[in-house]
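Visitor: Below are the C-alpha cells for one structure; questions will follow.
The values are calculated or read from the model by the stated rules, or taken from the named source; none is laboratory data. Remember, it's a predicted structure, so these values are computed and weren't measured experimentally. So basically every Cβ, Gly included, is an ideal-geometry build from the backbone, and we count neighbours across all protein chains shown.
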C-alpha cells in the first residue's frame, strides 16, 4: 500500500514536470506568434492572417494545462474562512468537496470529448488544421485535473483541495 | 436558478475552489432545465477562453513577473523617495508614488503589494513606523494601484461586457490620481497627529540621477500607454510588446533575469492564467444559465419600474460589491455578480465604462478589507504585524477610499475626461 502511494506520487511529479515543460513551450510560442503579428503589421506592413487564430488556440491550451498544474499546487481561488475557523469540519468537508469537483470535471471531460469529436470535421478559419486540435485542450485539461485530484485523495484522503500537498 | 445560486454559495463556504463551484452549481441548473445539452459545458468554456482580448492577461502577468525583480523595485522606490520624500507625510507619500509607477508596469494588484511592500516595509520600520501602520499604508496604496492601467480587472470586465479595454484603461488614470491625492491628504493629517517626520529635500542633481537609473523601467509604461492611447496597438499587442521589452531590459540592461528565472516566470504565468481562465470559463456557463433563466432581466425590469434611479443603484452596487469582492477574492466575485448587475445598470442608462471603473475602485478596497481580503494577507506576511494592529490603521484609509469610490460614482466626468481627450470616448 505504502509502495503504491509512493509510486503514485512519483508519477504525479513526473506528470507535473511534463505539464511545466508544456507550459514553457506554449507560453514561448504564444509570445512569439503574437509578437510576430505586431512586427509584421507595424514594421513590415504585411500582417500575418493566421497569427491571431493560432494565438487564441495556444492560449486555450496554456489555460487548461495551467489550470491542471494549479490543481496539483492548490492554486485555485477559494474561501478557506470556514476551514480556518472550524477545523473540526475539515474531515467531513474535504471528501464532499472532492466528490463534487470530480463530478464537474467528469462532465467537462465527457462534453469536451463530444465537442472534440464534433469539431473533427470542421476546419480552422485561417489555419490548415482541423478544429479538433483546439478543442482537444478541454478533455486533456479536464483529464489532468482529475488525475491530480485523484493523487490528492491517494496522498491523504481527508485532505482539502484548497491546500497543496506537503511532502 | 435559485437552486444553483444556493448550491454555489454552499460549495464556496465548504471551501470548494470557486471555478469548480461555479461549474458544478451550473450543472445542477442545466439538469433542472430539461433539454439543455451538456455540450454547453465544453462549448461555453472554450468560447470564453478563445478570445483575443483576454490574451492580454498572460502577457501582462508575464511582463509584471519580469519587471518585478529586486533591482527594478529598488530603482522605482528610490525615484519616488527623492521626488516626494520631503512632503509632509514622509515615507507614506513615497509608497503611494512608487505604487503609481509600479502599477503602471504590472497588471496584478497582489504583485504590486508584494513588490513595493518588500522594499518599503523594512525602510519604514527603520524610520520608526509601527509595523501595523506601515503595512496599512502599503495596503491602501496597492488598493489605489488597481486603477492605474494596465489592469487585469479592466481586461476581464471589458471583454465580457464588450466595452473597449483601451477606453477603460484611459478612464482609470484620473480616478487613480484623485485616489492618490485623497490618501496623501489623509497621510498629512496622520503625520500632524502622530508626529511623523518628513525626509530632507533632495537636490535636483540627485533627482536627475534617480530618474536616469529608473529610465528603462519607466519607458515601459510610456510605450504601453503611448501605443494604446494613440490607437497604435490593441491592449493585447501592447502587452506582448511589454513582455519582449521586459525580457530585453531584464537580460541585457539590468542583467537580473537569468534563463532559469525566465523559464520559472513562464510556468508561473501559465498557472496564474490557467486559474483565471478556468474561472472565466465556468463563469461563462453560469452566465448562460442566468440569462436563460430570465432572472436578471426580470430583476432589471422590476428595479426600473420601482423608480429607483441611477444614484440609488450606484450606492447599492458599492454596498454589495464591497463585501462580496472581499469574500470571493475580487475577480471571482466580479464574474459572479456581473450577469445580474450589468444588465440592470444598462437598463438604468448607466454608462458601462463608468460602471466598470466604479467596480474596479471598489475592488481595490475589497482586496485589502479585513479580515478576509487576499491582498491584506500578502502585506501581513511581509510586515509581520498582526491583523488587529494593521486593521486599526487600515480601516480609516479604506473609509477614505470608499468615499472616493462614491465620489467617482457620482462624478462620471472624472472617468470620461481622459478617454475624451484621447478621442476614445464621445459624450452622448
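Visitor: Can you tell me which residues in region B:265-293 are crowded, with 24+ Cβ neighbours inside 10 Å, under 15 Å from residue A:21 (Cα atoms) and either more than 8 Å from every other protein chain (Cβ to nearest Cβ) or touching a strand residue (DSSP E or B) at 6+ places or on another chain (Cβ under 7 Å) (or both)?
Guide: Answer for region B:265-293, where residues must be crowded, with 24+ Cβ neighbours inside 10 Å, under 15 Å from residue A:21 (Cα atoms) and either more than 8 Å from every other protein chain (Cβ to nearest Cβ) or touching a strand residue (DSSP E or B) at 6+ places or on another chain (Cβ under 7 Å) (or both): just B:265.
Visitor: Going by the conditions given, is residue B:393 buried (at least 24 other Cβ atoms within 10 Å of the Cβ) and in a helix (DSSP H, G or I)?
Guide: Details: buried (at least 24 other Cβ atoms within 10 Å of the Cβ): no; in a helix (DSSP H, G or I): yes.
Here the answer is no, as residue B:393 does not meet what is asked.
Visitor: Hey, another quick one. Scan region B:46-58 residue by residue and report those that are in a helix (DSSP H, G or I), within 18 Å of residue B:150 (Cα to Cα) and at the interface with chain A (Cβ under 7 Å from one of its Cβ atoms).
Guide: The first filter runs over region B:46-58 and keeps only residues in a helix (DSSP H, G or I), leaving B:46-49, B:53-58.
Within this subset, residues satisfying the condition of being within 18 Å of residue B:150 (Cα to Cα) are B:53-58.
Residues satisfying the conditions are B:55, B:58.
Visitor: State the number of residues belonging to region A:1-47 that are more than 22 Å from residue A:69 (Cβ to Cβ) and more than 14 Å from chain B (Cβ to nearest Cβ).
Guide: Total satisfying the criteria: 6.
Visitor: Is there a residue being in contact (Cβ under 8 Å) with a residue 60 or more places away in the chain and within 13 Å of chain A (Cβ to nearest Cβ) anywhere in region B:201-212?
Guide: No, every residue in region B:201-212 fails to be in contact (Cβ under 8 Å) with a residue 60 or more places away in the chain and within 13 Å of chain A (Cβ to nearest Cβ).
Visitor: Next question, about the same structure. Inside region B:16-41, can you point out the residues that are in a loop (DSSP other than H, G, I, E, B), in contact with a helix residue (DSSP H, G or I) (Cβ under 6 Å, 6 or more places away or on another chain) and either within 9 Å of chain A (Cβ to nearest Cβ) or on the phi > 0 side of the Ramachandran plot (or both)?
Guide: Filtering region B:16-41 down to residues in a loop (DSSP other than H, G, I, E, B) leaves B:16-17, B:33-38.
Now narrow it down to the ones that are in contact with a helix residue (DSSP H, G or I) (Cβ under 6 Å, 6 or more places away or on another chain): B:16, B:36, B:38.
Passing the criteria: B:16, B:38.
Visitor: Moving on. Among the residues of region B:65-82, what is the count of those that are over 18 Å from residue B:94 (Cα atoms) and either within 14 Å of chain A (Cβ to nearest Cβ) or not in a helix (DSSP H, G or I) (or both)?
Guide: Within region B:65-82, residues that are over 18 Å from residue B:94 (Cα atoms) and either within 14 Å of chain A (Cβ to nearest Cβ) or not in a helix (DSSP H, G or I) (or both) number 3.
Visitor: Check off (1) in contact with a helix residue (DSSP H, G or I) (Cβ under 8 Å, 6 or more places away or on another chain); (2) without any contact (Cβ under 8 Å) to a residue 60 or more places away in the chain; (3) assigned to a helix (DSSP H, G or I) for residue B:233 and give me the number that stays unchecked.
Guide: (3)
Visitor: I've got another one for you. Which one of the conditions (1) at pLDDT 95 or above; (2) crowded, with 19+ Cβ neighbours inside 10 Å; (3) more than 17 Å from the chain's Cα centre (by Cα) does residue A:51 fail to meet, given that it meets all the rest?
Guide: (1)
Visitor: Within region A:92-122, can you find the residues that are over 17 Å from residue A:139 (Cβ atoms) and more than 7 Å from every other protein chain (Cβ to nearest Cβ)?
Guide: Taking region A:92-122 as the starting set, the residues that turn out to be over 17 Å from residue A:139 (Cβ atoms) are A:92-100, A:121.
Within region A:92-122, A:92, A:94, A:95, A:98, A:99, A:121 qualify.
Visitor: Same structure again: Any residue at all in region B:313-325 that's out of contact with any helix residue (DSSP H, G or I) (no Cβ under 8 Å at 6 or more places or on another chain) and more than 24 Å from residue B:5 (Cα to Cα)?
Guide: no
Visitor: Also: So, of the residues in region A:69-91 that are assigned to a helix (DSSP H, G or I) and more than 9 Å from every other protein chain (Cβ to nearest Cβ), which turns out to be nearest to residue A:23 (Cα to Cα)?
Guide: Out of the qualifying residues, it is A:72.
Visitor: What number goes with the only condition from (1) within 13 Å of chain A (Cβ to nearest Cβ); (2) crowded, with 19+ Cβ neighbours inside 10 Å that residue B:321 does not pass?
Guide: Just one mismatch for residue B:321, condition (1).
Visitor: Across region A:100-135, which residue is farthest from residue B:21 (Cα to Cα) among those that are without any contact (Cβ under 8 Å) to a residue 24 or more places away in the chain and part of a loop (DSSP other than H, G, I, E, B)?
Guide: Going through the qualifying residues, I end up with A:128.
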